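The structure under discussion appears below in the form of structure tokens.
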Amino acid sequence: MTLEQQVTGATSGATPASPRRRSRRDEILEIAVGLFAARGYHGVSMDDIGAAAGVTGPALYHHFAGKEAMLAAALIPVSQGLLDGGRQRVAEHTGQPQAILESLIDFHVDFALANPAVIALHLHELDRLPDEPRRQIRRLQRLYVEEWVAVLTVLHPRLAAGEARVLAHAAFGLMNSTPFLGGEVERRRRAALLRAATLAALLGPVS
């Protein structure tokens, strides 16, 4: 179902996903993501990750075949989660395009503040992946962008889809700035500033 159908009153059967318990694999992956983001993909070895996680080499390879597998395991679920979460928020505000946009912004800002290391990893290390997982991530990202494009073209009827993509990517640039923000502003205020700036950028006059 397209967003145009959603904002004009169609219903959706989307339901929230059940939360998943953290496993030892999840903990190791979180440590690896932090190291990759801090030192760069090539600046981290499997031994470094094992030492930081308190895991011996054989046990580490029981969970992951190598660094490429870790990178794919970090980025593919994030991209899928953004798409699923974006679609859920579209479904929750049927027939209310501005409410959809505000909900999408809230959702993405919350993600960006909670996951600065993952954003840094995506910005700098995505090209380290083999072709297939990289294509999968790019496809999920394109679908997520289209959720934003659809609502923007409803809010700005004279806006072409390609122009709406420019605005959407500009908005992501604002919201995904979290890896570069210091801690001098407390989190709640950072969230409010990012939300206000993004909303103003997307709802402002478009000629």
Assuming R0 = 30 Å, can you tell me the calculated FRET efficiency for the pair Ala52 and Phe180, based on Cβ-Cβ distance, to the nearest 0.05?
-> 0.80
Quote the charge dipole size of the chain about the Cα centre in Debye, to the nearest 20; the model charges only the Cβ of Lys and Arg (+1) and of Asp and Glu (-1).
-> 100
Percent carbon-and-sulfur accessible area, the chain, ignoring ligands, DNA and RNA, probe 1.4 Å = 53
Mean shadow area of the range 22-64 over all directions, Cα convex hull, nm² | 2.7
Express in Å², to the nearest 10, the accessible area of Phe180 obtained by rolling a 1.4 Å probe over the protein heavy atoms while all chains stay in place.
-> 140
If Lys and Arg each add +1 and Asp and Glu each add -1, what is the summed charge of the other residues whose beta carbon sits under 10 Å from the beta carbon of Tyr41?
-> 0
What FRET efficiency, computed as 1/(1 + (r/R0)^6) with R0 = 22 Å and r the Cβ-Cβ distance, is obtained for Arg138 and Asp84, rounded to the nearest 0.05?
-> 0.85
With R₀ set to 45 angstrom, the calculated FRET efficiency between the beta-carbons of Ala99 and His62, to the nearest 0.05, is 0.45
Towards the positive end of the charge dipole of the chain, with charges on Cβ (+1 Lys, Arg; -1 Asp, Glu), say which of Ala91, Ala38, Leu121 has the farthest Cα.
-> Ala91
Surface per residue (accessible, 1.4 Å probe) for the chain, Å² = 54
Net charge of neighbours whose Cβ lies under 12 Å from the Cβ of Ile137, counting Lys and Arg as +1 and Asp and Glu as -1 = +2
Extension gain from Glu92 to Val206, taking 0.36 nm per residue of separation minus the Cα-Cα distance = 38.4 nm
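Restricting everything to alpha-carbon atoms, can you work out Rg to Rh for the range 51-156 with a Kirkwood hydrodynamic radius?
1.08
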Of every Cα-Cα pair in the chain, the percent that sits beyond 22 Å | 54
At 0.890 mPa s and 25 °C, Stokes D of the range 113-207 from Kirkwood alpha-carbon radius, µm² per second | 164
Using only helices, what value at 222 nm comes out for the chain when you add -39,500 (n - 2.57) per DSSP H run of length 4 or more and divide by the total residues, to the nearest 500 deg cm²/dmol?
-> -23000 deg cm²/dmol
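Would you mind working out the magnitude of the charge dipole of the range 85-207 relative to its Cα centre, with +1 at each Lys and Arg C-beta and -1 at each Asp and Glu C-beta, to the nearest 20 Debye? Could the numbers behind the result be given before it?
Working: 15 positive and 13 negative charges, 12 e Å.
The dipole of the range 85-207 has a size of about 60 debye.
The values are calculated or read from the model by the stated rules, or taken from the named source; none is laboratory data. Just so it is clear, the structure is predicted and the values come from calculations on it, not from any experiment. Here the Cβ is made from the backbone with ideal geometry for all residues, glycine too, and neighbour counts use every protein chain on show. In case anyone asks, the SASA skips ligands and DNA or RNA and just uses the protein heavy atoms, side chains included. Shrake-Rupley method; radii C 1.70, N 1.55, O 1.52, S 1.80 Å.
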